[in-house]
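Structure, as structure tokens:
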Amino acid sequence: MSGHNPFFSIIIPCYNCAEYLSECLSSLLAQDYTQWEAIVVNDASTDNSHEVINEIVTTNPSIKYIQLTETISGTKAFNLGFKQSIGTYLIDLAADDVLLNDCIEKQVHFFTQQTDNVGLIFGNAYHINENGKRTKPYFEVNEQNKVTDLQLHKTNYLRLLSSGIVMCSVASIITRKHFELLKGYNEALFFEDLDYWLRLSRSFEIKFLDDFLV
């Protein structure tokens, strides 16, 4: 992948996540890597998400805000945010997830070592409770914090069709180029992840970064 300091777009569809939004957005502002923008799509939330978002975006121009008056699907909300984005790489971030401070920096370093045929990378994540306390890793790890399932490094179309936990969507990033080639998320679907991974992996590669990102 070319580009010395590639630009990231973090798209955050939000529906009634006011309780976690501040921590989510604060994790973006704490990133070691600074070449990014965030686009929050408030999907006509009925809680005080608007107030939380508005307070943060007024003092942080790197975070853009789209407020919808009617609720739409998550797939449509992401595609809408994508149309307003400019990043070479895209992160689909849930409003109740938190990036580790070096998440984007690690993703950049790993992705820029890949060939142009790689359309998605993913890493490991920690499960957290409602208080933000880490409970367990998404993928089981050894004493060196490396995954015990080495098949994760061979994630492809056939493995995605099989059973078991073979992907971690919250710790993944995708390229703008491939997202455009595949015409974005399928808006006829409620859940976007698996459909996009399958369509991507039929023609392009997926790579696993053995590190905690989210």
Electrostatic dipole magnitude of the range 29-111 [Cβ: Lys, Arg +1; Asp, Glu -1; Cα centre; debye, to 20]: 340 debye
Relative contact order [Cα under 8 Å, 6+ residues apart], the chain, whole percent: 26 percent
Note, ³J(HN,Hα) from phi for the range 55-64, Karplus 6.51, -1.76, 1.60, rounded to Hz, x at Gly and Pro: 5, 7, 5, 5, 10, 9, x, 6, 10, 9
Integer Hz, Karplus 6.51/-1.76/1.60 couplings in order for the range 188-205, x for Gly and Pro: 7, 9, 7, 9, 9, 4, 4, 4, 5, 4, 5, 5, 5, 6, 5, 10, 10, 9
Dipole magnitude of the range 114-214 about its Cα centre (Cβ charges: Lys, Arg +1; Asp, Glu -1), debye to nearest 20: 100 debye
Fraction of accessible area attributable to carbon and sulfur, the chain (%, probe 1.4 Å): 49 percent
Nonlocal amide H pairs with Ile39, under 5 Å, H built at 1.01 Å: Ile10, Ile11, Ile12, Lys64
Listed residues Phe212, Ser162, Ser73: farthest to the positive end of the dipole of the chain (Cβ charges): Ser162
Sequence-distant residues sharing a close amide H with Phe7 (under 5 Å, placed H): Thr88, Tyr89
Dipole-positive endmost among Asn142, Ala94, His127 within the range 39-155 (Cβ charges, Cα centre): Asn142
Förster-model FRET efficiency, 41 Å R0, Asn60 and Asn145, C-beta, rounded to 0.05: 0.85
Excluding exposed DSSP-loop GluC sites (Glu not before Pro) (at most 11 other C-beta within 10 Å), longest clean stretch of the chain: 144-214
Lys154/Ala94 FRET efficiency (R0 30 Å; Cβ-Cβ; nearest 0.05): 0.65
Cα lying deepest toward the dipole's positive end in the chain, options Ile63, Asn117, Gln151, charges on Cβ: Asn117
Prolate/oblate/rounded label for the range 64-155 (Cα gyration tensor, a/c 1.5): oblate
Surface accessible to a 1.4 Å probe, per residue, for the residues of the chain, Å²: 50 Å²
Net length gained if the chain between Glu180 and Lys136 were fully extended (0.36 nm per residue, minus Cα distance): 12.4 nm
Trypsin sites (Lys or Arg not before Pro) within the range 117-214: DSSP coil, no more than 14 neighbouring Cβ in 10 Å: Lys133, Lys146, Lys183, Arg202
Between 0 and 90°, nearest 10: helix 74-83 axis offset from the chain longest Cα axis: 80 degrees
Rounded to the nearest 20 debye, dipole of the chain from Cβ charges on Lys, Arg, Asp, Glu: 740 debye
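The values are calculated or read from the model by the stated rules, or taken from the named source; none is laboratory data. What you see is a predicted model; the values in this text were computed from it and never measured. Counting neighbours? That spans all protein chains shown, and the Cβs are built from the backbone with ideal geometry, glycine included. Surface areas here come from the heavy atoms of the whole protein model, side chains and all, with no ligands, DNA or RNA. Shrake-Rupley method; radii C 1.70, N 1.55, O 1.52, S 1.80 Å.
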